[in-house]
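Participant: Quick one: the structure is below, and I'll ask about it shortly.
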Amino acid sequence: MARILEKPELLAPAGDEESLRAAVAAGADAVYFGLRGGFNARARADNFAAADLPRIFDFLHGKGVQGFVTFNTLVFDRELPVAEEALADIARAGADAIIVQDLGVARLARQVCPELPLHASTQMTVSSAEAGEIARSLGVTRVVLPRELSIAEIARFAGNTDLELECFVHGALCVSWSGQCLTSEALQHRSANRGQCAQSCRLPYDLIVDGEHQRARRRTPASPGSGPEPQAEALAAQLKYLLSPRDLGAWDLLPQLLAAGVSCFKIEGRMKGPEYVANVVDKYRRALDAAIEHRASPLGARDEEELRYSFSRSFSHGFLDGSDHQRLVHGLYPGHRGVLVGRVEEVHARARHVLVRAEPRAPELKAGDRILFDQGKPEDDEPRGGLHACDALPGGLLKLVFGGPDQSTLDLRLVRVGDVVWKAKDAEVTRKMKRIAAQDRKVGVSLSVRGAAGAPLVVEGRDDLGRSARVESAMPLQPAQGQPLHEGLLREKLCAFGETSFSLRRLELELEGALALPPSELKRMRRALTAELEGAPPPRPARHVSTGHTPDSVVAPLLPEAPAGSAKLVPLLRTLEQVEAALKLGFDELQLDFMELVGLGVAVEKVRAAGARVVVATPRVQKPGEEGYDKRFERLRPDGILARHLGAVEHFRTNSHAETVHGDFSLNATNALTARTLLGLGLATLTPAYDLDLTQLLDLCAGVPAGRLEVTIHQHLPLFHNEHCVYSHLLSNGRDFRDCGRPCEKHLIELRDGMGMQHPVVVDVGCRNTVFNARAQSAAACLPQLLAAGVRRFRVELVRESGAETTRILRAYRELLSGARTGRQVIAEVGALEKYGVSAGTLVVVTQPHA
């Protein structure tokens, strides 16, 4: 069973110090934040300098709050020395844990400081207990669960691991599995795995069905509770933001998550400000305390409304209730809206007011509230401004009055009749959250008071940080002549901590008889007790920190490989037509990645009948309860398995079978430490991550036996990998595979972006969608350098190419490897972009210590 913390944690985000202090003031048990300059997945946040960490941790620990540092990006070989120094700085400063994505960095961190706890980032894609075993073998003690798991799946995970489990409960949702999104990298040269997500999922896309543009509309009628605002959905002519999920809001699911085995409840939002942090932490603090104490949730409709004002694309439970493709994505807008007010009926620009037809559940409007006019083009600069006054008129109309040009940036000439009106910010809520954020969090103190006549009064105190103090009265207690010492007097004089950093948590009295002591002496004792407690620093864990580790001291070198042979081309195919074309060309090894298992079985038999080796690709991720896929693959008796997730690596290396196991790009090896770690688990070959450019790939080749690397030389880069099914959402009324009617078996969907590129959407055996880049890319021109580095296995990966296209592409690359064609000739023949992974120079390599 998963390890359960004695006191479940509420974990808050901090993109800067102001937000960190707001999280502490509002009641967070722990705060997570990143280093400035690199190695954290929110590189655009202000973040924290390494030199500030000792001061930050002293502040946090002085308030009884833990601090976790995010080190959750992939790391390149040339960055490892800088990463090592950063890890040492984090450990010396007193961090309570680091959150890591990169397997090699996890191993390096254990060498730098064995006592520093490691948490596996959601970016590591530890989606099952089997994957957790690999993380645990690297020293990880906690897994940040993928946001795609349901409560039932979390409980199943918890029942098969002894790791701590951490779960996101509030904030923005990525449509793609974390650690498996290459969209920003491919389309905007900003890798999400390097902290530079460009939020491509929040862009508008056109729906292309079987080659024809189709207006994307909501297929199920809106009903109360089914969407962000049913009335707003009815106003939308069509859905455009087809991959933009609602925000997660799970304040009402905390009891179920506790029962499932979750110990830490995580709030997303390192790009948000202190008012957001204070608002969300305050709400979840109250909800979590109630859940721990088995009380009903104290949060009501007003609390949800206040959460909407801080930031909301509307709320859902995400995947915690299981998949609901109709609810997860509404498709109406990609950013903050707030609470629906109504629709504009009249605009009086000169008079600086508009008349709005209010919805039945419209919120109260006050001076200072911020109003947004939704014109169905959220990517544009929509009209918005501060409200000067609101008057209720007969017939359900509201008169919204705005200040003059010098008081408001809103130009009412831009507002149109029919605009949807939202209350985006509430002035009073903003003021309230600023007050919460400015509070000084007190440390609780428990006092024990003992005394008897003729003996001094003895007060012993212990605070929530584990510090203790003992003071005695300077004079003995006397029998009371008047009113004796009593609890009320002691609370008033001894326990009035006032402006100090303490507050009374518990008072225990053991007084023998009616006793007296001057109030002035009680005050002196309080001051002495406070000074003694404050004078003792919070306990700090022992840390042994070392640097200067070599790759060989972190991960042992792999045994030398056999002498390199000739270069080999391995096609990865997704249709029976492609398989038949490849077999006609005489290929002796094929990799198969089919969307359904019946067709996969037929393809396996065809390859086997042709006398060729067949390698079956697993899904890219696997959740608890999906272990049956592995057994199905085993029954096909393939010659090899292409393991795409850590659970598959663990399963196929620890179960008795004859298959050769290959590791795929989705295991995210970007440095030799990670590659050695994965190959050392028994993988025959490993495909490096697609976050590398050619220079970085060659660096990796230098640190491992390059003959055990398989490089993808031609592919349509996989952009998004989604639990959310576009087919189910837009071509059916179904929530999931059980009632969607499987439109993916009848139709082909593409998503057209703003540049007119149509990206195919392919469904895997688990009903997950991969959106592939419309245009293939080729590293054919890099072949001489890769061969010189020792690489001998090269993959050509196809998506929906016809048999004729398959023949043309495979023949061109075969001639490339034989020397009959040059790389440039092949690229021209296949019509691909010329690059490997990302273009050189698009990723900043960290070479400097963090300022």
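Participant: In segment 1-22, which residues are surrounded by fewer than 17 Cβ atoms within 10 Å (Cβ to Cβ) and not acidic (Asp, Glu)?
Facilitator: Met1, Arg3, Ile4, Leu5, Lys7 - these are the residues of segment 1-22 that are surrounded by fewer than 17 Cβ atoms within 10 Å (Cβ to Cβ) and not acidic (Asp, Glu).
Participant: Could you count how many residues in segment 38-57 are out of contact with any strand residue (DSSP E or B) (no Cβ under 9 Å at 6 or more places or on another chain), touching a residue at least 40 places away in the same chain (Cβ under 8 Å) and assigned to a helix (DSSP H, G or I)?
Facilitator: Residues that pass the stated criteria total 2.
Participant: Show the residue pairs meeting these rules: Cβ distance below 8 Å; 6+ apart or different chains; first residue within segment 433-447 and under 27 Å from Ala531 (Cα atoms); second residue of a type in the set (Ser, Thr, Tyr) and not in a loop (DSSP other than H, G, I, E, B).
Facilitator: Pairs that qualify, where the first residue is under 27 Å from Ala531 (Cα atoms) and the partner is of a type in the set (Ser, Thr, Tyr) and not in a loop (DSSP other than H, G, I, E, B), are Lys442/Ser503; Val443/Ser503; Gly444/Ser503; Val445/Ser503.
Participant: While we're here: Go over the candidates Arg742, Arg738, Arg653 one by one and state the one that is of a type in the set (Lys, Arg), surrounded by fewer than 24 Cβ atoms within 10 Å (Cβ to Cβ) and touching a Leu at 6+ places or on another chain (Cβ under 6 Å).
Facilitator: Step by step, each of Arg742, Arg738, Arg653 is checked, and only Arg653 is of a type in the set (Lys, Arg), surrounded by fewer than 24 Cβ atoms within 10 Å (Cβ to Cβ) and touching a Leu at 6+ places or on another chain (Cβ under 6 Å).
Participant: Hey, does segment 577-587 have a residue that's among the β-branched types (Val, Ile, Thr) and surrounded by 21 or more Cβ atoms within 10 Å (Cβ to Cβ)?
Facilitator: Looking through segment 577-587, at least one residue is among the β-branched types (Val, Ile, Thr) and surrounded by 21 or more Cβ atoms within 10 Å (Cβ to Cβ).
Participant: What helices (runs of 4 or more DSSP H) lie completely within segment 58-168 and have 2 or more residues being in contact (Cβ under 8 Å) with a residue 40 or more places away in the chain, under 30 Å from Cys701 (Cβ atoms) and of a type in the set (Asp, Glu)?
Facilitator: 80-93, 129-137
Participant: Also, I was wondering about something else. Determine whether Gly335 is assigned to a loop (DSSP other than H, G, I, E, B) and farther than 15 Å from Ala427 by Cα.
Facilitator: The answer is yes for Gly335.
Participant: So, in segment 17-51, exactly how many residues are at pLDDT 95 or above and farther than 30 Å from Glu293 by Cα?
Facilitator: 2
Participant: Search segment 429-464 for residues being acidic (Asp, Glu) and over 22 Å from Leu20 (Cα atoms), and hand back the single one that is modelled with the lowest pLDDT.
Facilitator: Only one residue fits best here, namely Asp463.
Participant: So, of the residues in segment 656-678 that are open to solvent by 10 Å² or more (accessible area, probe 1.4 Å) and polar (S, T, N, Q), which turns out to be modelled with the lowest pLDDT?
Facilitator: Ser656
So that you can scan it fast, the table gives a plain yes or no per residue for (1) open to solvent by 30 Å² or more (accessible area, probe 1.4 Å); (2) modelled with pLDDT under 95; (3) over 27 Å from Leu20 (Cβ atoms); (4) assigned to a helix (DSSP H, G or I):
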site: Met271; (1), (2), (3), (4): yes, yes, no, no
site: Val277; (1), (2), (3), (4): no, no, no, yes
site: Arg286; (1), (2), (3), (4): yes, no, no, yes
site: Leu307; (1), (2), (3), (4): no, no, no, yes
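Participant: Right, here's the next one. Pull up segment 745-790, narrow it to residues that are free of Cβ contacts under 8 Å to residues at least 40 places away in the same chain and either more than 23 Å from Gly734 (Cα to Cα) or of a type in the set (Ser, Thr, Tyr) (or both), then point me to the one that is most open to solvent (accessible area, probe 1.4 Å).
Facilitator: Met755
Participant: Give the residue that is surrounded by the fewest Cβ atoms within 10 Å (Cβ to Cβ), with candidates limited to residues of segment 338-356 that are in contact (Cβ under 8 Å) with a residue 40 or more places away in the chain and part of a loop (DSSP other than H, G, I, E, B).
Facilitator: The qualifying residue surrounded by the fewest Cβ atoms within 10 Å (Cβ to Cβ) is Ala349.
Participant: In addition: Checking the structure you have, find out if any residue of segment 617-639 is in contact with a strand residue (DSSP E or B) (Cβ under 9 Å, 6 or more places away or on another chain), in a helix (DSSP H, G or I), open to solvent by 10 Å² or more (accessible area, probe 1.4 Å) and in contact (Cβ under 8 Å) with a residue 60 or more places away in the chain.
Facilitator: No, every residue in segment 617-639 fails to be in contact with a strand residue (DSSP E or B) (Cβ under 9 Å, 6 or more places away or on another chain), in a helix (DSSP H, G or I), open to solvent by 10 Å² or more (accessible area, probe 1.4 Å) and in contact (Cβ under 8 Å) with a residue 60 or more places away in the chain.
Participant: Output the residues belonging to segment 241-269 that are of a type in the set (D, E, K, R) and part of a helix (DSSP H, G or I).
Facilitator: Scanning segment 241-269 gives a single hit, Asp252.
Participant: Going by the conditions given, is Ser520 hydroxyl-bearing (Ser, Thr, Tyr), farther than 30 Å from Pro784 by Cα and either open to solvent by 50 Å² or more (accessible area, probe 1.4 Å) or in a loop (DSSP other than H, G, I, E, B) (or both)?
Facilitator: yes
Participant: Give segment 531-571 a look and list any residue that's in a loop (DSSP other than H, G, I, E, B) and either in contact with a Pro (Cβ under 6 Å, 6 or more places away or on another chain) or closer than 21 Å to Ala669 by Cα (or both), or say none.
Facilitator: Result: His549, Thr550, Val555, Ala556, Pro557, Leu558, Leu559, Pro560, Glu561.
Participant: Now a separate question. More than 16 Å from Lys442 (Cα to Cα), of a type outside the set (Gly, Ala, Ser), assigned to a strand (DSSP E or B) and open to solvent by 40 Å² or more (accessible area, probe 1.4 Å): which single residue out of Leu457, Leu511 fits that description?
Facilitator: That would be Leu511, the only listed residue that is more than 16 Å from Lys442 (Cα to Cα), of a type outside the set (Gly, Ala, Ser), assigned to a strand (DSSP E or B) and open to solvent by 40 Å² or more (accessible area, probe 1.4 Å).
The values are calculated or read from the model by the stated rules, or taken from the named source; none is laboratory data. Only a predicted model underlies this, so the values are computations on that prediction, with no experimental measurement involved. Using ideal geometry, Cβ is built from the backbone for each residue, glycine included, and neighbour counts are taken over all protein chains shown. Surface accessibility is based on the protein's heavy atoms, side chains included, excluding ligands, DNA and RNA. Shrake-Rupley method; radii C 1.70, N 1.55, O 1.52, S 1.80 Å.
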